[in-house]
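Each remark here refers to the structure printed beneath this line.
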Amino acid sequence: MNATHTPILITREKGSDSGVHPLRDDELVLLKELREMLPESKYIFVSERGEVMSTDAVRKLLGRLAAQAGLDIKVHCHMMRHACGYYLVNQGYNTREIQDFLGHRDIKHTEKYTKLNARRFLNFDWGDM
């Protein structure tokens, strides 16, 4: 993590725990650039009409982006959450750390991410069995 960071409160729904996460310097720079593009707006992520993006608008945007990327699957917002967990487990973070980061109250929800990639077995040292 960068030497300086700014905390942001992540409010979660559907029974997950909300929490404070750090925003990295590069993320802050990009958010400030977005802010400067629409100085009169009270929102950073807006629709073409300058209004806050609805859940449906984000869903449709992801669908269009997935089609442009040539993905043959139906993409939805929750996939980003799964991708985050998958990435973290493959970076070597343990299940408890990922549980905290994602705000899962029940570790069973987090365990799904640790079962996704068989590469986690590649570094097992079986010694001289």
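Listed conditions (1) part of a helix (DSSP H, G or I); (2) of a type in the set (A, V, I, L, M, F, W, C); (3) modelled with pLDDT of 90 or more are all met by LEU71, apart from (1). Among the residues making up segment 40-52, those that are farther than 22 Å from LEU62 by Cα and open to solvent by 90 Å² or more (accessible area, probe 1.4 Å) are GLU40, LYS42. Is it true that VAL89 is over 30 Å from ALA118 (Cβ atoms) and either under 16 Å from the mean Cα position of the chain (by Cα) or surrounded by 10 or more Cβ atoms within 10 Å (Cβ to Cβ) (or both)? Against the criterion (over 30 Å from ALA118 (Cβ atoms) and either under 16 Å from the mean Cα position of the chain (by Cα) or surrounded by 10 or more Cβ atoms within 10 Å (Cβ to Cβ) (or both)), VAL89 does not qualify. The residue list GLY63, GLY85, GLY50 contains one member that is within 26 Å of PRO22 (Cα to Cα) and either assigned to a strand (DSSP E or B) or small (Gly, Ala, Ser) (or both), which is GLY85.
Scanning segment 93-124 for residues that are at pLDDT 85 or above and either loosely packed, with under 13 Cβ neighbours inside 10 Å or outside any helix (DSSP H, G or I) (or both) returns TYR93, ASN94, ARG96, GLY103, HIS104, ARG105, ASP106, ILE107, LYS108. Scanning segment 16-25 for residues that are free of Cβ contacts under 8 Å to residues at least 60 places away in the same chain and open to solvent by less than 70 Å² (accessible area, probe 1.4 Å) yields a total of 3.
Of the residues making up segment 67-79, those that are closer than 24 Å to ARG12 by Cα and surrounded by 11 or more Cβ atoms within 10 Å (Cβ to Cβ) number 4. Just one of the numbered conditions (1) closer than 24 Å to ILE8 by Cβ; (2) surrounded by 13 or more Cβ atoms within 10 Å (Cβ to Cβ) is not true of THR55: (2). Selection of first residues in segment 45-71 that are under 26 Å from LEU28 (Cα atoms) and of second residues that are among the aromatic types (Phe, Trp, Tyr) and part of a loop (DSSP other than H, G, I, E, B), restricted to Cβ pairs under 9 Å at least 6 apart or on distinct chains, gives the following pairs, ordered by first then second residue: GLY50/TYR43; GLU51/TYR43; VAL52/TYR43; VAL52/PHE45; MET53/TYR43; MET53/PHE45; VAL58/PHE45. State yes or no: is ARG64 farther than 30 Å from ASN123 by Cβ and surrounded by fewer than 12 Cβ atoms within 10 Å (Cβ to Cβ)? Yes.
The values are calculated or read from the model by the stated rules, or taken from the named source; none is laboratory data. Treat the numbers as computed from the prediction; the structure is a model and nothing was measured. Glycine gets a Cβ as well: all are built from the backbone with ideal geometry, and neighbour counts include every protein chain shown. We work out accessible area using only protein heavy atoms, side chains counted, and drop any ligands, DNA or RNA first. Shrake-Rupley method; radii C 1.70, N 1.55, O 1.52, S 1.80 Å.
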